[in-house]
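As structure tokens, the structure follows; a few thoughts come after it.
Computed from the coordinates by the stated procedures, all read-outs in this text should not be read as laboratory data. Keep in mind that this is a model prediction, so the values were computed, not measured. Note that we place each Cβ from the backbone using ideal geometry, even for glycine, and neighbour counts take in every protein chain shown.
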Amino acid sequence: MSIKDLRTPLSDADVLSLKAGDRVRISGVIYTARDAAHGRLAPLVDKGQTLPIDVKGQIIYYTGPSPARPGEVIGSVGPTTASRMDKFTPALLALGLKGTIGKGYRGQPVKDALKQHKAVYFGSIGGAGAVLSEFVKKAEIVAYEDLGTEAIRRLEVEGFPAIVLYDCHGGDLYQEGQKVYARENA
Amino acid sequence: MRAIHVSAIADAVKKLCMDANWSLEPDMLRAFDRALGRERSEAGKQVLTILKQNAELARTRQIPYCQDTGMVIAFVELGQDVHVTGGGLYDAINEGVRQGYTEGYLRASIVRSPFDRVNTGDNTPAVIHVDVVPGAILKIMVMAKGGGCENRSKYVMLTPAAGLPGVKEFIIECVKTAGPDACPPLILGVGIGGTFEKAAINSKKALFRELGSPNPDATLNALEQELLERANRLGIGPQGYGGDTTAFGIHILTYPCHITSLPVAVTIECHAHRHKEVML
């Protein structure tokens with residue numbers, strides 16, 4: 001299967017070309033944010049205030065990395081369960097966020113918002129944090145440093161491997177992949 | 001009476017925490033190989049291959065296999081002829097966790113209160129279960145339990161009339177609802193019988209049995225095999241991308257229970273099953 005190379009920021013055309021199950025390599029800047037950071041972004045979004053990062057065209061990676069050893073860029077950096085961020089995602093997509101990276105199922109409101117705002121939900125392999133750390137070339141905290149691992153980080157990634165879980169056309173890799181292997185009498 | 005100083009306990013726990021997070025146990029590595037031998041899905045095979053590479057990279061670079069380095073769960077067997085000296089047993093275990101997570105560059109994932117959610121900064125405290133046993137031994141078993149899979153763990157109080165069929169359906173339902181969120185291939189620790197809390201504790205303790213080893217009780221062993229086969233027919237597969245390897249194992253521990261009760265607790269564990277033990 002071919003692998004598509006993507007560079008952030010993503011355009012509508014980039015997103016429209018992606019189908020559930022596509023393998024991609026992401027290069028450029030992505031931002032980390034998980035539960036606590038989303039909790040702080042939400043009231044700013046509600047009030048229409050400026051966010052500490054401009055999400056337009058960007059990708060948010062749901063992860064809380066482990067600490068870097070001295071001289072290293074980052075520690076282990078795999079995805080966390082995305083559905084905990086579902087409550088916050090449609091509003092960020094409305095602001096122009098083009099992608100999220102995580103693992104696991106998401107709710108229908110997120111799927112609907114991906115269609116409406118032309119955005120995509122990528123998966124990286126949960127529990128492969130050591131391997132994934134090799135694709136991060138630079139990492140710096142850009143907001144909420146007091147949150148520790150949950151701070152917002154700006155990552156520069158090169159060829160970061162991911163797969164399209166939900167595309168903007170209603171495609172869902174989980175549904176499509178699992179029905180092939182589901183057997184009777186389970 | 002045998003004296004064991006708290007510093008020996010803290011040192012042991014520190015090492016267990018670091019080793020568990022850096023180096024998967026051989027039983028896990030064998031499980032990846034067994035699964036690769038029978039997985040039909042290309043996407044599933046690729047996931048399993050990358051996870052094996054991940055294990056190797058984590059071990060050689062001494063970085064965590066998964067960035068979620070978990071909450072530490074310690075099961076301790078404390079011989080009744082052992083005298084812990086120099087301080088408290090629980091403090092010593094937590095000191096070991098503190099040192100292991102700080103010095104090992106492991107992630108601090110514990111908040112001091114479920115409500116204010118301020119990170120304790122050193123991954124303490126651990127959840128500690130102590131069994132007092134005959135003799136002069138001190139055995140410490142440690143698991144670094146990830147949060148994503150823990151969040152999919154479930155408990156039910158069935159009626160005795162629901163019986164074995166009810167237990168089976170509940171366990172399979174747990175695999176379905178865990179799905180990709182819990183990072184399959186999964187391992188299920190199942191506690192059946194006892195009380196509300198006994199079943200839950202047994203569901204954790206069951207996970208310490210070597211993966212791939214038979215349950216010493218032949219009836220339970222057959223039940224585990226039947227349920228594992230069913231779980232792997234669901235099609236969820238590695239990471240939920242579709243495939244034949246949804247679970248690596250299902251481990252059951254039972255306990256006597258009240259005539260009214262049939263408690264069942266299922267701890268969902270991910271493929272980052274990090275466990276180590278030591279006998280002092």
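Net charge dipole, segment A:90-186: roughly 280 debye, given to the nearest 20, about the Cα centre with Cβ charges of +1 for Lys and Arg and -1 for Asp and Glu.
Residues whose amide H lies under 5 Å from that of B:CYS257, counting only those 5 or more places away or on a different chain, are B:GLY194; hydrogens are built 1.01 Å from N in the peptide plane.
Using θ = phi - 60° in the Karplus curve 6.51 cos²θ - 1.76 cosθ + 1.60, the 3J(HN,Hα) couplings for segment B:83-96 round to 10, 7, 10, x, x, x, 4, 5, 4, 5, 5, 5, 5, x Hz; x is entered for Gly and Pro. Computed extension gain for B:ASP81 through B:ALA222, at 0.36 nm per residue and net of the alpha carbon distance, reaches 47.0 nm.
Of the chymotrypsin sites (Phe, Trp or Tyr not before Pro) in segment B:76-148, the ones in a loop by DSSP (not H, G, I, E or B) with at most 16 other beta carbons within 10 Å are B:PHE115.
Give me the one-decimal Kirkwood hydrodynamic radius in Å for segment A:41-105, with the sum taken over alpha-carbon pairs. Provide the component values of the computation, followed by the final result.
Numbers: mean 1/r = 0.0755 Å⁻¹.
Evaluated over segment A:41-105, this radius sits at 13.2 Å.
Projecting the Cα positions of B:CYS257, B:ILE93, B:LEU280 onto the charge dipole of chain B (unit charges on Cβ atoms of Lys, Arg, Asp and Glu, taken about the Cα centre) puts B:ILE93 furthest along the positive direction. Separation of segment B:149-198 and segment B:94-119, taken as the distance between their Cα centroids, equals 28 angstrom.
Which order results if B:LEU186, B:LEU36, B:LEU51 are arranged by neighbouring Cβ count within 10 Å, fewest first? Mind dumping the intermediate values first?
Values: B:LEU186 25, B:LEU36 16, B:LEU51 30.
So the residues, fewest neighbours to most, are B:LEU36, B:LEU186, B:LEU51.
Neighbour counts of C-beta atoms inside 10 Å place B:VAL76, B:VAL47, A:VAL180 in the sequence A:VAL180, B:VAL76, B:VAL47, starting with the fewest.
Estimated from helical segments only, the mean residue ellipticity of chain A at 222 nm is -6500 deg cm²/dmol, where each DSSP H run of four or more residues counts as -39500 (n - 2.57). Summarising the amide proton neighbourhood of A:LYS137: residues at separation of 5 or more, or on other chains, whose placed amide H is nearer than 5 Å comprise A:GLU156, A:VAL157, A:GLU158. One Cα centroid belongs to segment B:7-25, the other to segment B:204-263; the line between them spans 27 Å.
At a Förster distance of 22 Å, what's the computed FRET efficiency of A:ARG25 paired with A:ARG154, Cβ-Cβ distance as r, to 0.05? The value I calculate is 0.70. Look at the dipole of segment A:3-176 built from charges on Cβ: of A:VAL77, A:PHE122, A:ILE26, the Cα furthest out on the positive end belongs to A:PHE122.
Assigning unit charges at the beta carbon (Lys, Arg +1; Asp, Glu -1) and nothing else, what dipole magnitude in debye, to the nearest 20, does segment B:148-272 show about its Cα centre? Intermediate values should be presented prior to the final figure.
Values: 10 positive and 12 negative charges, 36 e Å.
Computed about the Cα centre, the dipole is about 180 debye.
Listed values for segment A:111-128 are Karplus-derived 3J(HN,Hα) couplings in whole Hz (6.51 cos²θ - 1.76 cosθ + 1.60, θ = phi - 60°), namely 4, 5, 5, 4, 5, 4, 9, 6, 9, 9, 10, 9, x, 10, 6, x, x, 9, and x replaces Gly and Pro. Ordered by the number of other Cβ atoms lying within 10 Å of each residue's own Cβ, fewest first, A:TYR166, B:TYR65, A:TYR121 fall into the sequence A:TYR121, A:TYR166, B:TYR65.
Counting 0.36 nm for each residue step from B:THR49 to B:LYS139 and taking away their Cα separation leaves a gain of 29.0 nm. Rounded to the nearest 20 debye, the dipole size of the protein assembly as shown about its Cα centre is 680 debye, using +1 on the Cβ of Lys and Arg and -1 on the Cβ of Asp and Glu. For segment A:22-105, trypsin sites (Lys or Arg not before Pro) are listed when DSSP marks them as loop and at most 16 other Cβ atoms sit within 10 Å of their Cβ; the list is A:LYS47, A:LYS56, A:LYS87. Under 5 Å from the amide H of B:ILE128 lie the amide H atoms of B:ALA74, each residue being 5 or more positions distant or on a separate chain, with H modelled from the backbone and absent for Pro and chain starts.
Shown in residue order for segment A:176-183 are the 3J(HN,Hα) couplings computed by the Karplus curve 6.51 cos²θ - 1.76 cosθ + 1.60 at θ = phi - 60°: 5, x, 6, 5, 5, 9, 5, 10 Hz (x for Gly and Pro).
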